[in-house]
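Report on one structure; see the data block that follows.
We did not get these values from a lab; they are worked out from the coordinates using the rules stated. Fair warning: this is a prediction, and the values are worked out from it, not measured in the lab. Using ideal geometry, Cβ is built from the backbone for each residue, glycine included, and neighbour counts are taken over all protein chains shown.
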Number of protein chains: 2
Amino acid sequence: MSTPTEQAQALTPAAVQAAYELIKPYIHLTPLLTCKTLDKIASTPQTAKALIGTPFEGQTPATPKFRFHFKCENLQRIGAFKARGAHHALLRVIEAQGEEELKKRGVITHSSGNHAQALALAASTLNIPAYIVMPEISTPSKIAGTRSHGAEVVFSGSTSVEREAVVAEIQAKTNAILIPPYDDFNIICGQGTTALEMEGQFAEKSSKSLDAVITPVGGGGLNAGVATYFSDKSTRVFGAEPSFQGADDCRRGLLAQDRVEKVSTLTVADGLRTPVGVLNWEVISDKKKVEGVFAVTEEQIKAAMRLVLERMKVVVEPSAVVGLAVCMFDEEFRKRVEEEGGEDGWDVGIVFSGGNTTVEAISKLYS
Amino acid sequence: MSTPTEQAQALTPAAVQAAYELIKPYIHLTPLLTCKTLDKIASTPQTAKALIGTPFEGQTPATPKFRFHFKCENLQRIGAFKARGAHHALLRVIEAQGEEELKKRGVITHSSGNHAQALALAASTLNIPAYIVMPEISTPSKIAGTRSHGAEVVFSGSTSVEREAVVAEIQAKTNAILIPPYDDFNIICGQGTTALEMEGQFAEKSSKSLDAVITPVGGGGLNAGVATYFSDKSTRVFGAEPSFQGADDCRRGLLAQDRVEKVSTLTVADGLRTPVGVLNWEVISDKKKVEGVFAVTEEQIKAAMRLVLERMKVVVEPSAVVGLAVCMFDEEFRKRVEEEGGEDGWDVGIVFSGGNTTVEAISKLYS
């Protein structure tokens with residue numbers, strides 16, 4: 001097996017393009033939406049009061065000009081971009097192992113989130129058995145959702161040691177192949193197809209390129225994939241994380257020039273609680289690929305999510321709006337858009353990574 | 001002035017077409033969306049248990065087949081179809097009175113809901129002064145929303161007598177012209193443009209016509225307009241109302257063959273608390289135009305709204321989903337789709353009338 005550094009070198013726009021050809025029949029071409037109300041709100045300077053307690057206190061608030069282009073992966077199959085990577089990884093494993101072989105062995109993953117549903121869907125579509133290890137404490141709706149795609153749900157304790165023990169146990173019996181959620185070459189290429197679609201959809205309405213794209217960073221599959229695709233193009237790529245209880249492991253790692261390996265956070269952006277993966281880090285820590293990662297507070301995430309629900313009328317999960325929250329509230333980022341974008345401003349692509357929430361979860365957030 | 005019956009005769013598809021030519025530059029062509037998950041759920045027979053206590057108790061549940069086409073007026077300007085009627089009515093008044101005259105006099109309405117915002121927007125776009133009489137107890141966000149379009153908000157008590165007194169007072173001073181929310185020829189034609197767009201958008205993907213369209217019925221502007229447009233076509237038109245505290249005034253009026261003039265209800269579908277208007281009734285009570293009006297419970301409205309938010313990822317207000325709730329829960333309607341649609345099923349257009357809700361309102365509904 002090649003080292004992460006060697007693998008990162010093989011992560012090229014062409015690899016993302018190849019992934020796209022493969023997964024295209026299985027995924028939705030999700031819309032790239034605009035919303036003038038959100039452009040207007042984000043293009044209004046913050047109040048002096050909002051900058052109190054930040055390094056920008058007392059300075060004149062930035063006057064960036066944003067035109068947003070929202071890539072609605074909340075409307076993707078299973079409600080999240082994860083459908084891209086899961087289909088790609090599975091198709092590559094079938095390619096490598098042969099369909100008959102894989103039908104015997106099956107695939108396995110441990111996840112309680114969107115990756116579990118995505119792999120279950122991909123496996124059911126491609127007629128491969130899937131074992132999904134989920135903590136016993138997972139919500140019934142998530143268990144039912146995973147089962148509804150025909151996957152076999154196997155319960156475990158909730159620590160990663162307990163989960164991995166159950167995975168090992170099933171693998172010993174079935175020889176099932178592990179499809180990891182983010183720290184994987186094929187997963188990253190699959191998620192990168194989001195960028196390829198955004199570029200094409202933006203080109204339909206503009207003769208210039210997107211000035212920037214910003215995505216959430218959890219394990220880093222989406223961000224690394226998007227950065228890979230844009231690595232030979234003029235579009236800048238940024239990442240966004242929650243700051244709560246150290247969930248901004250990637251941002252902190254970049255400052256320290258060393259990947260943070262462990263995170264324990266209960267941020268409302270529950271898709272972003274994991275530390276960034278090894279291969280993902282190789283890409284994201286490359287300044288030529290990702291120009292910066294910014295962090296936002298829980299209140300900023302909730303404010304951004306409120307705007308998307310109430311003004312744009314689109315349902316997103318908290319993890320999906322961290323990029324928008326950076327554009328609205330991170331004064332360092334806003335200054336940069338003001339300086340580099342000038343009078344014209346920036347066309348910013350924002351990836352709404354998912355929309356898997358419930359009315360109860362929304363109630364809990366805002367009551 | 002012509003009588004309601006004479007006016008109703010002049011309500012023709014051509015009148016709706018003419019309205020469309022006039023308002024087209026001012027409104028959004030909202031998308032007509034599909035959702036396979038909702039098709040599947042609504043095409044699953046209800047449980048025997050769900051029919052207990054209904055006239056269908058003990059019968060085999062209907063097996064209708066639905067393909068939904070959701071007209072997303074929640075994505076219309078000001079977040080509701082009301083933008084159509086308000087622009088049309090105002091453009092017609094300008095046509096009749098002359099722009100200079102109307103700039104002196106202005107327009108006026110009393111409303112605390114979507115019509116207020118719609119008229120405020122239309123007036124600000126067309127540079128006409130607007131006076132909006134709102135009850136003092138209106139929520140601050142609605143007052144701010146109306147003011148943000150440049151309208152002058154004037155407060156009144158909350159009964160209709162108190163509101164009308166304030167309107168009369170302002171009219172005495174300004175000679176402002178009243179633009180009513182629904183009981184008006186031009187408003188009905190404007191709302192009817194929703195149907196015209198649906199027909200065109202459906203034709204882009206199918207060689208047949210929509211089998212049916214179902215819309216909410218409050219004052220009846222939308223339903224009467226849609227029925228007017230389809231009156232010379234094969235598409236059947238239905239209406240949907242909440243049943244809570246007698247909010248199904250139109251359905252009850254049809255049964256009694258007499259319009260119900262007063263309603264006092266606090267249904268969660270707050271856009272549908274008003275009784276159907278006189279001219280609207282002329283259209284809706286014409287069996288050749290509207291084939292039936294059905295009513296749904298508060299729980300059914302909430303269940304339908306939950307599905308739209310969680311599965312379709314689109315934000316709608318409770319009033320918007322009464323049509324979907326009829327398709328999902330009204331066994332009489334479902335039997336009809338089974339019988340008339342047969343194996344093929346029906347392509348049903350559902351108008352999502354608006355999306356003006358807040359995260360707090362969603363929290364209140366589901367906590």
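Laid out as a table, the results:
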| read-out | value |
| --- | --- |
| Using θ = phi - 60° and Karplus 6.51 cos²θ - 1.76 cosθ + 1.60, couplings along segment B:276-289 (whole Hz; Gly, Pro as x) | 5, x, 5, 5, 4, 4, 3, 7, 5, 7, 8, 4, 6, 9 |
| Under the Karplus curve 6.51 cos²θ - 1.76 cosθ + 1.60, θ = phi - 60°, whole-Hz ³J(HN,Hα) for segment B:256-270, x wherever Gly or Pro sits | 7, 6, 7, 4, 7, 8, 10, 9, 9, 9, 10, 3, 4, 7, 5 |
| Projected label distance in nm at B:Q245 and A:K36, using a 7 Å step from Cα toward the beta-carbon | 3.7 |
| Reachable lysines from B:K335, criterion Cα separation under 17 angstrom, eight or more residues apart if same chain | B:K40, B:K49, B:K65 |
| Between segment A:205-251 and segment B:255-270, the Cα center-to-center distance that results, in Å | 52 |
| Cα-centre dipole for chain B with unit charges at Cβ (Lys and Arg positive, Asp and Glu negative), debye to 20 | 720 |
| Within chain A, longest stretch clear of exposed GluC sites (Glu not before Pro) (DSSP loop, no more than 12 other Cβ within 10 Å) | A:262-342 |
| DSSP beta bridges in chain B [antiparallel fraction, %, rounded to 5] | 10 |
| Long-range lysine pairs (8 or more apart or interchain), segment B:82-178, Cα under 23 Å | 4 |
| Chain A, rotation onto B, residue closest to that axis via Cβ, with its distance in Å | A:S363, 2 |
| Amide H within-cut-off set for A:V107, under 5 Å, with H built and near neighbours excluded | A:A130, A:Y131, A:I177 |
| Test item: Cα-centred dipole of segment A:151-239, Lys/Arg +1 and Asp/Glu -1 on Cβ, debye | 260 |
| Distant-in-sequence amide H partners of B:V296 (H built 1.01 Å from N, under 5 Å) | B:E241, B:S243 |
| Farthest positive-ward along segment B:82-178 dipole, Cα basis, beta-carbon charges - from B:G157, B:L91, B:V167 | B:L91 |
| Cα-projected label distance for B:Q97 with B:A203, points at 7 Å along beta-carbon direction, nm | 3.6 |
| Taking N as its residue count, the alpha carbon Rg of segment B:222-277 over 2.2 N^0.38 Å | 1.22 |
| Principal axis dimensions, largest first and in whole angstrom, of the protein assembly as shown by Cα | 85, 70, 43 |
| Under the Karplus curve 6.51 cos²θ - 1.76 cosθ + 1.60, θ = phi - 60°, whole-Hz ³J(HN,Hα) for segment B:100-106, x wherever Gly or Pro sits | 4, 4, 6, 5, 6, 7, x |
| Descending semi-axes in whole angstrom, ellipsoid equivalent of chain B, from the Cα gyration tensor | 34, 22, 19 |
| Amide H contacts of A:G354 (H built 1.01 Å from N, under 5 Å, at least 5 apart or other chain) | A:N74, A:E317, A:A320 |
| Dipole magnitude (debye, nearest 20) for segment A:82-178, charges at Cβ of Lys, Arg, Asp, Glu | 220 |
| Reachable lysines from A:K302, criterion Cα separation under 16 angstrom, eight or more residues apart if same chain | A:K313, A:K364 |
| Aspartates and glutamates with Cα under 18 Å of B:K24, excluding same-chain neighbours fewer than 8 positions away | B:E73, B:E95, B:E197, B:E199 |
| Residue with peak Gaussian network fluctuation, chain B [Cα springs, cutoff 10 Å], from B:H28, B:H110, B:H87 | B:H28 |
| Loop-resident sites, segment A:305-367, for trypsin sites (Lys or Arg not before Pro), counting at most 15 other Cβ within 10 Å (DSSP) | none |
| Inter-copy spacing of B:K104 label points, which lie 7 Å from Cα along Cα→Cβ, given in nm from shortest upward | 9.3 |
| Alpha carbon convex hull of segment B:16-143, projected area averaged over orientations, nm² | 12.2 |
| Chain A: relative contact order as a whole-number percent, Cα under 8 Å and 6+ apart | 22 |
| Tilt relative to chain B, helix B:160-174 - C-alpha long axis, 0 to 90 degrees, to 10 | 40 |
| Label point 7 Å beyond Cα along the C-beta direction, distances from B:T125 to other copies (nm, shortest first) | 3.9 |
| Rounded Å value of the spacing that divides the Cα centres of segment A:146-200 and segment B:73-116 | 54 |
| Contact order normalised by residue count of segment B:82-178, Cα under 8 Å, 6+ apart, percent | 30 |
| Evaluated over segment A:236-323, the Cα radius of gyration and Dmax, each in Å | 13.4, 40 |
| Separation of the A:S158 and A:A48 label points, Cα + 7 Å toward Cβ, nm | 4.7 |
| Neighbourhood charge, 12 Å Cβ-Cβ cut-off, centred on B:L38 and excluding it, Lys, Arg +1 and Asp, Glu -1 | +4 |
| Where only C-alpha atoms are counted, convex hull volume of segment B:82-178 per residue in Å³ | 78 |
| Gap separating the Cα centres of segment A:41-62 and segment B:317-353, nearest whole Å | 50 |
| Average beta carbon contacts from partner chains per residue of A:349-358, 10 Å cutoff | 2 |
| Teacher prompt: B:T37 distances to equivalent labels in other copies, 7 Å Cα→Cβ, nm | 2.3 |
